[in-house]
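Heads up, the thing below is written out as structure tokens.
The values are calculated or read from the model by the stated rules, or taken from the named source; none is laboratory data. Please read all numbers here as calculations on a predicted model, not as lab measurements. Using ideal geometry, Cβ is built from the backbone for each residue, glycine included, and neighbour counts are taken over all protein chains shown. Side chains included, ligands, DNA and RNA excluded: accessible areas come from the protein's heavy atoms. Shrake-Rupley method; radii C 1.70, N 1.55, O 1.52, S 1.80 Å.
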Amino acid sequence: MAHSIHLEKQSRHGVLAVLLASFLWGTTGTVASFASQLSPLAIGAFAMGVGGLLQALQARSQLRQNIAQLLQVKPRLLLGGMAIAVYPLAFYSSMKLAGVAAGTVISIATAPFATVVLECVLTRKSSINRRWLISFALGVVGVVMLTSGNAADAAEGQSQTVGKMIGVLLGLVAGVAYAIYAWLAKSMIDQGIPSESAMSGMFAIGAAVLIPSLLLTGQHLFASVHNILVVSYMALVPMFIGYLAFGFGLRYVNASKATLLTLFEPVVAAVLAVVIVGEQISLLGWTGIALIMFCLFLQARGS
């Protein structure tokens, strides 16, 4: 009985940690919009690169202790690091092109589906059943409604519409990259590697790729105090603190449930995009968001 209560308490703490991370991540698009002169590639590379470096430095003693274990799973470590490098570049570019709300919703909605496919194909821990297929269909319809509603209301030219479509595709790429990273992190943790070492090891590899890329994309990164405050917040709060909380949560919840809990992120992002950034989402777009939320709810009930 006591053991059961203890496990339930751990699970609750894990869920709260993932929700905290999701809230912090939900602020990123709004904050990034205040530095519109910066390239989304630069913002993404700095935020995730510096945040990843901070995680590696914070966990350096544990990394040294677990280096032998990490080397045993080197392919997964490298692949996870590359997924972490791809994710912010695709995610921030998606928000820049498709809008904060649409880019976030599409990126986060993609991740649970991709995670279930990974778990089904590689570990057989999840199964693609009728509920999953129905939720997938609802999600696809929701994405189409969200993007179509935004494009129609904006009365944009062809080039801007194409840009939004590219933003949607980049959101899909970001979601898949996120799912790969989350699944690999959970697989290493399940193998006995401490979560802090698994997470920080992958983030160190991601940082090694992202930080040098700033030589090409980081113009004006420190041109003003305003820019410095924006990128510093992005690196320290959502990327460093947020991912520490997410890593803690992964100790007690599986990867597919964790990605479903991040449903809170697009809710935060959409509200902030409308209230603070001033984005306008049509009735069709809001209906699409509602369908996406419902499809993820169906997945959560089946997980």
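One table, with the values for the structure above:
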item	result
Pairs, first polar (S, T, N, Q) in segment 163-192, second in a helix (DSSP H, G or I) and open to solvent by less than 50 Å² (accessible area, probe 1.4 Å), C-beta under 9 Å, six or more apart	Ser187/Ala198; Ser187/Ala255; Gln191/Ala198
Residues of segment 196-210 satisfying the condition of being open to solvent by 10 Å² or more (accessible area, probe 1.4 Å) and at pLDDT below 90	Glu196
Sole exception among (1) open to solvent by 40 Å² or more (accessible area, probe 1.4 Å); (2) over 30 Å from Leu122 (Cα atoms); (3) over 18 Å from the mean Cα position of the chain (by Cα); (4) in contact (Cβ under 8 Å) with a residue 12 or more places away in the chain for Ser213, by number	(1)
Helices (runs of 4 or more DSSP H) wholly inside segment 1-94 that include at least 2 residues being buried (at least 18 other Cβ atoms within 10 Å of the Cβ) and not β-branched (Val, Ile, Thr)	2-26, 28-32, 40-58
Among (1) among the aliphatic types (A, V, I, L, M); (2) open to solvent by 60 Å² or more (accessible area, probe 1.4 Å); (3) part of a loop (DSSP other than H, G, I, E, B), the one test that Leu236 misses	(3)
Evaluation of Ala102 against (1) hydrophobic (A, V, I, L, M, F, W, C); (2) in contact (Cβ under 8 Å) with a residue 24 or more places away in the chain; (3) open to solvent by 10 Å² or more (accessible area, probe 1.4 Å) (one fails), failing number	(3)
Long-range neighbours under 7 Å by Cβ, at least six apart or interchain, first residue more than 7 Å from Phe240 (Cα to Cα) within segment 50-63, second not in a helix (DSSP H, G or I)	Gln62/Pro194
Selection within segment 273-290 - open to solvent by 40 Å² or more (accessible area, probe 1.4 Å), of a type outside the set (Val, Ile, Thr) and more than 12 Å from Gly99 (Cβ to Cβ)	Leu283, Leu284, Trp286, Ala290
